[in-house]
Every structure is written in C-alpha cells, then in structure tokens.
Amino acid sequence: MKCQSARDCIVLLNYGELPDELAGVLEQHLIGCVDCTEELEAFQGFEERLAITPVLEPSPNLLAQSRMRLDDALDLIPPHGFLTQLRINFYRWVGNVQSAPALATLLLGVGFLTGIFVNRYQVGSTPKASEHGTVTVAHPTEGVIANVTGVVQTPNSDMVQVNYNKIVPESREGSLNDPEIRNLLLVGTTAAATSGVRMNAVTLLTDECKTGHACQPTAEGNGTLHALMVSLRYDEDAGVRMKALEGLEKYVGQDQHVRDAVLEAVAHDPDARVRHTAIGLLEPVQSDSSVRQVLRTVATQDANPYIRTASYNALQNAADIQ
C-alpha cells in the first residue's frame with residue numbers, strides 16, 4: 001500500500017468506515033512507515049481536541065435568517081419543465097437504487113413473495129373436488145372465537161396483542177360412498193348443536209346399514225354400527241334413538257355388541273316407544289338366554305304395563321318356538 005492510499009484509509013478509519021479487508025493492510029503499512037504513523041497520530045490528536053471543545057449552538061436569530069435567505073434563493077430558481085422534472089426524478093430514483101442495492105433486492109423479494117402468497121391464497125380458497133367428487137367450501141367470515149391463548153401488553157403503551165384460535169365453518173358436498181362424507185356423518189351423530197343435525201346424520205347412516213353398505217363391524221369398533229349404538233344409548237332425542245334402532249335391526253342376530261345395546265334399550269330407555277320397538281327387534285334371538293333373562297325381568301318388574309305385556313308376549317313366542 002502506498003502512502004497516499006494509506007492516508008485515505010486513515011481518514012476512513014477515524015470515521016469508522018474503513019472496510020475490514022483494508023484494515024490489515026493499513027496496519028502492516030503503518031509498522032514500516034513513520035510519516036503515515038505521524039499522520040494517524042495527528043488525526044487522532046485533532047479528534048481528541050475537538051472532543052473536549054464545547055459545541056456552540058447557533059442562535060435562533062441566525063437560524064431564522066438562514067432559513068429566510070434559503071427560501072428567497074429557492075424562489076429565484078426558475079421552474080423546470082415537465083420533461084426536465086421527469087428526467088430529474090428518474091435519475092434520482094436510479095441513484096437511490098444504485099446506492100441501496102440491498103433495499104432494491106428486498107423490494108423485489110417482497111413483491112415476489114407477495115405474489116406467491118396471493119396466488120396460494122386464491123388457490124386455497126377455491127373449492128376443490130376430491131377423487132370422489134367431494135367439494136369443500138370454507139366460510140372464514142363466519143368463524144367464531146374458540147379460545148384465547150395469550151395476552152401481551154406493550155410496555156408503556158396502550159397496545160395489546162391477543163392471540164386466539166378461531167373456528168372456521170366449512171361445508172362439504174359429495175357422495176355417501178366418499179369416506180370423508182361418511183366420517184363427517186359419524187361426527188354428526190354426536191353433534192351438540194341441534195337434534196336435527198343428529199337426526200339427519202343417523203337417518204343417512206341407517207339407510208346405508210339397511211342396504212348393507214359399509215356397515216359391517218370393525219375391529220377398531222369405530223364404524224357406522226358403533227355410531228348407531230352410541231346414538232341408541234346416549235342421544236337425548238327419542239326420535240334419533242328410534243332411527244338408530246332401525247339401522248341396527250339387521251345386525252341384532254349377527255353382532256353381540258348390537259344385541260347388548262338393544263337389550264340395554266329394552267331395560268333402561270326412558271321412552272316406551274323405543275323400548276317396545278327394541279323388544280320387537282329381539283324376535284330373531286329370543287331363544288338366547290341373555291335375551292330371555294332381560295325379557296323376564298322387564299315382564300315382571302317394569303313399571304309400565306304396556307312394556308310388561310310386550311315382554312311377556314315375546315317370552316311366550318320364544319316358548320312356542322322351542
């Protein structure tokens with residue numbers, strides 16, 4: 001490094017603008033150059049003297065007079081034409097971009113990412129059909145707040161950040177043979193909103209079971225039969241329980257779990273119509289010992305004479321068959 005370049009680097013060093021790759025080269029030059037070392041020391045001494053010298057603030061009158069003279073000088077400048085002004089603005093913009101390449105790259109990146117986000121949002125919000133023809137439509141404006149997960153206030157401010165989860169309703173349309181639709185119907189059998197939702201779901205599942213479509217018992221115990229048994233045992237709507245019995249009728253003689261659920265309805269259901277219907281469903285298995293035991297108990301101990309008579313007649317039919 002030559003002395004002239006070293007002196008330029010000394011100025012940059014004192015202002016904290018010397019690049020790292022030149023700092024080592026300047027340090028090596030200063031070791032062997034007395035003149036440049038004295039230049040650096042003189043510069044540092046000058047900075048130290050400036051640091052201890054009090055800074056004098058300009059008076060308000062001087063500032064006001066300076067602003068007035070500046071305004072007068074600006075008024076004397078002839079106005080530029082449209083093309084001249086456009087050219088000046090263009091060169092100013094190019095200069096800003098050249099002086100801040102990182103900012104230009106950032107703006108381009110932000111524009112690119114924004115375009116991708118908007119495109120994905122549009123694609124994601126468009127209803128899509130699955131391989132079974134199912135179409136899902138989201139309704140984000142109809143969402144409700146599920147719960148609040150956090151509240152943070154900005155210190156020394158009235159700004160508050162609230163984090164929350166939102167339940168967004170969706171609708172799905174497709175064939176009953178679609179597993180997604182069938183799973184939604186299974187969930188609908190336990191819907192807490194209204195009994196109408198549960199009735200519609202149970203009715204559709206019952207029709208499927210009556211025709212034998214995908215209603216066989218599963219090893220996991222979570223299929224359509226399981227959902228109908230849950231509705232029979234726990235649904236508060238007697239109409240829903242009656243509809244669940246219709247769907248289970250075909251499987252009373254095939255599945256022990258179904259039979260046990262129907263026997264529970266005979267013994268404990270609060271609605272007499274449901275109990276009478278359940279007794280009729282047991283006709284194919286009246287010879288079973290557990291069935292006869294429940295019927296005897298109901299025929300002799302039940303408080304409802306109508307149910308006692310129905311149970312007694314079922315026992316008599318079983319005796320005639322034997």
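For the range 255-285, how many residues meet the condition of being over 19 Å from Tyr312 (Cβ atoms) and not charged (D, E, K, R)?
The number of residues fulfilling the criteria is 5.
Per the listing Gly212, Gly247, the residue uniquely surrounded by fewer than 22 Cβ atoms within 10 Å (Cβ to Cβ), at pLDDT below 90 and either in contact with a strand residue (DSSP E or B) (Cβ under 8 Å, 6 or more places away or on another chain) or within 18 Å of Arg182 (Cβ to Cβ) (or both) is Gly212. Taken over the range 1-44, residues that are of a type in the set (Val, Ile, Thr) and open to solvent by 90 Å² or more (accessible area, probe 1.4 Å) amount to 2. Within the range 175-189, residues that are of a type outside the set (Phe, Trp, Tyr) have Cβ atoms under 6 Å from residues that are open to solvent by 80 Å² or more (accessible area, probe 1.4 Å) and part of a loop (DSSP other than H, G, I, E, B) in these pairs: Ser175/His132; Asp178/His132, counting only partners at least 6 apart in sequence or on another chain. Of all residues in the range 275-295, those that are open to solvent by 40 Å² or more (accessible area, probe 1.4 Å) have Cβ atoms under 6 Å from Cβ atoms of residues that are of a type outside the set (Val, Ile, Thr), 6 or more apart or on another chain, in His276/Ala310; Thr277/Leu245; Pro284/Gly253; Ser287/Ala318. Within the range 296-321, the set of residues being among the aromatic types (Phe, Trp, Tyr) and surrounded by 13 or more Cβ atoms within 10 Å (Cβ to Cβ) comprises just one member, Tyr312.
Inside the range 254-268, can you point out the residues that are open to solvent by 50 Å² or more (accessible area, probe 1.4 Å) and assigned to a loop (DSSP other than H, G, I, E, B)?
The answer is Gln254, and nothing else.
Of the numbered criteria (1) modelled with pLDDT under 85; (2) farther than 18 Å from Arg259 by Cα; (3) not basic (Lys, Arg), the one Met199 fails is (1).
Conditions (1) surrounded by 11 or more Cβ atoms within 10 Å (Cβ to Cβ); (2) modelled with pLDDT of 65 or more, marked per residue:
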site: Pro54; (1), (2): no, yes
site: Leu62; (1), (2): no, yes
site: Gln65; (1), (2): yes, yes
site: Leu76; (1), (2): no, yes
site: Gln98; (1), (2): no, no
site: Gly109; (1), (2): no, yes
site: Arg120; (1), (2): no, yes
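Ala299 meets the conditions (1) more than 22 Å from Gly188 (Cα to Cα); (2) in contact with a helix residue (DSSP H, G or I) (Cβ under 9 Å, 6 or more places away or on another chain); (3) assigned to a loop (DSSP other than H, G, I, E, B) in every case but one. The failed one is (3). Just the residues that are assigned to a helix (DSSP H, G or I) and touching a Leu at 6+ places or on another chain (Cβ under 9 Å), please, taken from the range 12-38. Once the filter is applied, which keeps residues that are assigned to a helix (DSSP H, G or I) and touching a Leu at 6+ places or on another chain (Cβ under 9 Å), the range 12-38 yields Leu12, Leu13, Asn14, Leu22, Ala23, Leu26, Leu30, Cys36, Thr37.
The values are calculated or read from the model by the stated rules, or taken from the named source; none is laboratory data. As the structure is a computational prediction, the values presented were derived from the model and not from experiment. Note: ideal-geometry Cβ built from the backbone for every residue, glycine included; neighbour counts use all protein chains shown. Calculation scope for accessible area: heavy atoms of the full protein, side chains included, ligands and nucleic acids excluded. Shrake-Rupley method; radii C 1.70, N 1.55, O 1.52, S 1.80 Å.
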